[in-house]
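The values are calculated or read from the model by the stated rules, or taken from the named source; none is laboratory data. What you see is a predicted model; the values in this text were computed from it and never measured. So basically every Cβ, Gly included, is an ideal-geometry build from the backbone, and we count neighbours across all protein chains shown. These area figures cover heavy atoms from the full protein model, side chains too; ligands, DNA and RNA do not enter into them. Shrake-Rupley method; radii C 1.70, N 1.55, O 1.52, S 1.80 Å.
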Amino acid sequence: MVTTHNLGFPRIGAKRELKFAQEGYWKGQSSRDELTGLGAQLRQRHWQNQAGLDHVPVGDFSFYDQVLDTSFTLGNIPERVRGFDGDPLDNYFRVARGRSAHESACSCGVQAGEMTKWFDTNYHYIVPEFSASTEFSLDASRLLDQLAQARKLGVKAKPVIIGPVTYLWLGKAKDDSDKLALLPRLLPVYAALLEELAAQGVEWVQIDEPALVTELDATWQQAFVTAYDALKGSKVKLLLTTYFGQLQDNLAIACKLPVQGLHIDAINARAEVEQVLAQLPADKVLSLGVINGRNIWKSDLSAVLDWLEPIHKTLRDRLWIAPSCSLLHVPVDLASEQKLDKEIQSWLAFALQKLDELKVLAHALNDGRKSVQAALDENGAAIQSRRSSPRVHNPVVKAAVAKIDAALGRRLSAYPQRATKQSALLKLPAYPTTTIGSFPQTAEIRQARSQFKSGELDDAGYKAAMHSEITRSVREQEALGLDVLVHGEAERNDMVEYFGEQLDGYAFSQFGWVQSYGSRCVKPPILFGDISRPKAMTVEWIKYAQSQTAKPMKGMLTGPVTILNWSFVRDDQPRSVSCHQLALAIREEVLDLEKAGVRVIQIDEAALREGLPLRKSQWNEYLQWAVESFRITANGVQDETQIHTHMCYSEFNDIIASIAEMDADVITIETSRSDMELLDAFDNFDYPNEIGPGVYDIHSPNIPSQEHIVQLMRKAAERIPAERLWVNPDCGLKTRQWDEVIPALKNMVAAAKTLRAGL
């Protein structure tokens, strides 16, 4: 009999219950007991959602981030929060966001932990911090409490933990030490954790080692051998879990490690399954991730069975099946959608539907296809409907993509000539100040949007409400003394969804929320067909904002690579083709903005880095079409038009040459949480254009001081000439409150004036 299991379930709740509980607790509107009680309710509901599986994950629920949970389990807590008294949950949130609950903006703030992307996803994790003196100590209370709750409810619990080598791989040494040298100190703590779980009667533990799908040198490969040799005496069975990519040169190591089972991502690594079958010892379980845990399209169940049935015949009871990775990356329940186009809805599967697909596959393997023939027929009809739908394919769009040539991606002049013309036109001071685009999404904005969608507010009323908010943003920026203004994006629900709603080829869910980090959730649009732009999307809003001020106003757009990477993307053509379609559509918007007199246009590519394949050997192909897509979008303008782009919360040092090839006049990046470490790339690379290293960490409620901003910018000036530096926050300000934003930006503007005085 084939065994079914799941690697992880979305933790936020079908209606984002966790988000609202977190934010209420942070604001002092609810108690710790209310927050933890809500967590217990969500876990119970999610375990019920997974009933019928042979093994259900426990420990995948988190109040912020699973990597931060692991740091606290291992006793790896930054020194800067150790001096605080009170509940451990408060220290947990201090590391996550710089402040716990009930602490004002002016008290008790600490530097939040650095945040970066979880492999090639849009999920952000809190980076573990190491030094040569780091020690580890076990605190298994979080996992044991969740396990006790699951046991009481009769859940077939499979605890989930991040493996020791991946944990070290994910972290950052804050000194010059070798973080891998910490492995001998770390392994006894992992052994003790497994002993604790064995004492609770646990049979299987899912131990996640996704670092195995990346390129590892010999020392890291040996670390896996060392680690699992040390843990092989455990009384629990270990399911070593990999996902997001292929094992390649790590395949032999993964098969030989002394564990009882191996999970591989059979969506991304199907070509390796035959090799794994040949090399995996006959006493080990093989778990295959046969349902895509990263996208929302229905699986072709008959095609999956055609491939799986011979494997099942060979492995029999040794075959486990599961989603390819945790379902953290997809929405909870498609059945909640009442307004989604019914034809498109029939092509989709969210987390609950993916588990239903898994159960159909298991029944077919165990009892024959006839036992689930009705389900297979329904699935086959949906697959065929999508393949043949004329809504998916647009010959005009395909013809436009076929005509793309190199000339579309070239500016008229090189950067030095453009910079001279832009300086004469814009007349900006040294260290010009700006923001990244959005301002706080106030209760008034959300209410107006809700009333407009429900029909309570007509088009004219909605436009008037948004104009009022735009005017407010402009006046606040003028009062602060910012140099290049933004309109604040009051009319935008999300930087990707807003554009997708106005492009042909996209569909939208009501409740398709996915966690990005902490309480931040996004609702990725569904890119189901060929993309085109029926009409201008932003021009009237930006023209209105420019009419309210004599200062330069930035046109704000999301770039094609980010729209692609932050969407649920069609899987029936190469991603590069979809990206080129988006590039042509956004290019039209750029040119319309320029025609409307907008002379500063920002095209955000926040997700450029996360789209990289996990192996460097595959980077060049991706970077070629990603950079080309940006250049197609940006480079049809005149020299006098200044093009900005923004990237956030990723490591850029290893792709800095490609970023330079984008040839944006100004790039803004996150640097505050990393204390300007991201600028190390410029020690050995002469970046040719202008750059704004973010100095205000907008993911924390803490307000940066003028002195701190000056200090950060002086670090930046050691690498980038002062005449090419901008002063700006890390990212957009939509998630913050005005009472936080105004003092922070005041300090930022004051810091810029101090820097100018020092030239």
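Overall, the accessible surface of the chain at a probe of 1.4 angstrom is composed of carbon and sulfur to the extent of 50 percent.
All other residues whose Cβ lies under 11 angstrom from that of ARG369 are scored, Lys and Arg at +1 and Asp and Glu at -1, for a net of -3.
The residues of the chain present an accessible area of 37 Å² per residue when probed at 1.4 Å with all protein chains retained.
State whether the stretch 303-433 is rounded, prolate or oblate according to the following rule on the C-alpha gyration tensor (a ≥ b ≥ c being the square roots of its eigenvalues): a/c under 1.5 gives rounded; otherwise a/b larger than b/c gives prolate, and the remaining case gives oblate. Prolate is the answer for the stretch 303-433, as a/c is 1.5 or above and a/b outweighs b/c.
Diagonalising the gyration tensor over the Cα atoms of the stretch 162-238 and scaling each eigenvalue by 5 before taking the square root yields semi-axes of 24, 13, 11 Å, largest first. A compact globular protein would have a Cα radius of gyration near 2.2 N^0.38 Å; the ratio found for the chain is 0.95. The stretch between ALA536 and ALA381 holds 52.1 nm of extra length on full extension. This uses 0.36 nm per residue minus the Cα-Cα distance.
Couplings 3J(HN,Hα) for the stretch 566-577, derived from phi with the Karplus relation 6.51 cos²θ - 1.76 cosθ + 1.60 (θ = phi - 60°), are 9, 10, 7, 9, 4, 10, 9, 8, x, 4, 4, 5 Hz, where x marks Gly and Pro.
How much accessible surface area, in Å² rounded to 10, belongs to the heavy atoms of ILE311 with a 1.4 Å probe? Only protein atoms counted, so the area is about 10 Å². Which loop trypsin sites (Lys or Arg not before Pro) in the stretch 390-422, with loop taken from DSSP, have no more than 14 other Cβ atoms within 10 angstrom of their Cβ? Here the trypsin sites (Lys or Arg not before Pro) that fit, given the DSSP loop and packing criteria, are LYS403, ARG410.
Taking Lys and Arg as +1 and Asp and Glu as -1, the other residues whose beta-carbon sits under 13 Å from that of ALA51 total +1. Oblate is the label for the stretch 1-104, because the ratio a/c of its alpha-carbon gyration tensor axes (a ≥ b ≥ c) is 1.5 or higher and a/b is not greater than b/c. Each Lys or Arg adds one and each Asp or Glu takes one away; over the other residues whose Cβ falls under 14 Å from the Cβ of LEU408, this sums to +1.
GLU540 contributes about 130 Å² of solvent-accessible surface, heavy atoms of the protein only, 1.4 Å probe. Accessible surface of ASP175, taken over heavy atoms with a 1.4 Å probe and every protein chain present, rounds to 60 Å². In order along the stretch 463-475, phi translates into HN-Hα couplings of 4, 5, 5, 5, 4, 4, 5, 5, 4, 4, 4, 5, 5 Hz, rounded to whole numbers, per the Karplus curve 6.51 cos²θ - 1.76 cosθ + 1.60 with θ = phi - 60° and x for Gly and Pro.
Listed values for the stretch 743-757 are Karplus-derived 3J(HN,Hα) couplings in whole Hz (6.51 cos²θ - 1.76 cosθ + 1.60, θ = phi - 60°), namely x, 5, 6, 4, 5, 5, 5, 5, 5, 4, 5, 5, 5, 5, 5, and x replaces Gly and Pro.
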